[in-house]
Structure formats: C-alpha cells, structure tokens
Amino acid sequence: MAGRGIGYALKAHQRWWCLEQGLERVTWTFDPLVRRNARFNLVKLGARPEEYLPDFYGVMADAINEGDASDRLLAVWHLQEHIEPNDEPRNAAITLWEGPNGEPVRETGDKSRFLLVGTPSDVEKLRRDNAYAARAWRRAMRETLGGAMAAGGHVVGFTTRGEYVVSIT
C-alpha cells in the first residue's frame, strides 16, 4: 500500500482537525534509521526532529524491533508553518553513509557548517539479513546524529539520497 498517498491524506486530515481544535503542533516519535519514515516526516510534512531519544521504549519484543535498541527521534510538526524541503546544502561534511555491504561508514574531522548523516537504504531488510550491520547502524546513528543534536545541532532537512541535514552553527 505504500506510495498511494493514504498516509499523507490521513496527516492532512489530522492537521485540519488539530487546527480546528486550536492545536498548533503535533509530536510523535520515529525510528531515525527508517529512511522512508524520515523522508515522509521531514520532507512531505515539514516536521522537524527536536530531540534524539536513546532506547526510548526500552526492550521491544516484536517481529520488527526484536534485538534492536528503540532509539527514536521526537518529531515536532508546527501546523501553521510551511517548511520548504531542504536538500543538500553547499559545503556539507558527509559524516555517515552506507558501505558496500550495508554497514555504516563514518568520517570525522571536517569543520563544516552542515553535517550529512546517512541512513541505511532498508534497515528492516538489513535486520533480517545482517543483524550485525543493523546494530552497527544503530550505534553509529546514536553517536553521530544523537551526538550532533546533543551538542546543539538542528536537523533542517533530509536529502534525496537519505541523509539528515544537520546545521551545526
């Protein structure tokens, strides 16, 4: 059912209903490793992650999350604001990307105004096929994106290649 616009239609209705009730923002959490959710939340809706929440739900014993930490991003959707999608800025330092075997590859040292923090192309498949690489992604995301946000960085966009754009100014 993905790609048919149903999720967006539901969110549009939710936005309308909330505004009718006098609510100006909606918050929820999502897994920072799930690229399609990040794209939907940040690009289509214009929500912004405001906090990285390590192991937010604790141990989750379900078919999707079994054996993985439950790190989440707190998404905040300001309903009266329209945020333009923000792709890759100039002079961005790529700090995390997907290696040839699905594993995360990290790079440090560049002093750029923006960081690009990549996501695995399909973390659910990676969990099934290479649990070690999936756990490595969780650790790398926690250290890279979580660390940048804890140090005052702000997620300002999500690229077409599946990278969080983090302003570190």
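The values are calculated or read from the model by the stated rules, or taken from the named source; none is laboratory data. Values in this document were obtained by computation on a predicted structure and should not be read as measured data. Using ideal geometry, Cβ is built from the backbone for each residue, glycine included, and neighbour counts are taken over all protein chains shown. Quick note on the areas: whole protein, heavy atoms, side chains included, nothing else; ligands and nucleic acids left out. Shrake-Rupley method; radii C 1.70, N 1.55, O 1.52, S 1.80 Å.
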Next on the checklist: Using a 1.4 Å probe on the protein heavy atoms only, what accessible surface does MET60 show? Give it in Å² to the nearest 10.
Outcome noted: 40
Next on the checklist: Rounded, prolate or oblate for region 109-153? Axes are the square roots of the Cα gyration tensor eigenvalues, ordered a ≥ b ≥ c, and the cut-off for rounded is a/c under 1.5.
Outcome noted: prolate
Checklist entry - With the contact rule set at Cα under 8 Å and sequence spacing of 6 or more, what percent relative contact order holds for the chain? => result 24
Checklist entry - Leaving out ligands, DNA and RNA, what percent of the accessible area of the chain is carbon and sulfur, probe 1.4 Å? => result 51
Checklist outcome for this item: Across VAL123, VAL105, VAL76, the residue with the highest GNM fluctuation in the chain (Cα network, 10 Å cutoff) is VAL105
Item to check | Accessible solvent surface per residue of region 93-155, calculated while the other protein chains remain in place, 1.4 angstrom probe, Å² | outcome: 53
Checklist entry - Taking GluC sites (Glu not before Pro) as exposed when DSSP calls them loop (any state but H, G, I, E, B) and at most 13 other Cβ atoms lie within 10 Å, what is the longest stretch of the chain free of them, the sites themselves excluded? => result 108-169
Next on the checklist: Kirkwood Rh over alpha-carbon pairs of the chain, then Stokes-Einstein at 10 °C and 1.306 mPa s: what D in µm² s⁻¹, rounded to an integer?
Outcome noted: 96
Checklist entry - If you keep only loop residues by DSSP, which trypsin sites (Lys or Arg not before Pro) in region 96-160 have at most 13 other Cβ atoms within 10 Å of their Cβ? => result LYS111, ARG113
Item to check | Relative contact order for region 127-169, counting Cα pairs under 8 Å that sit 6 or more residues apart, in percent | outcome: 25
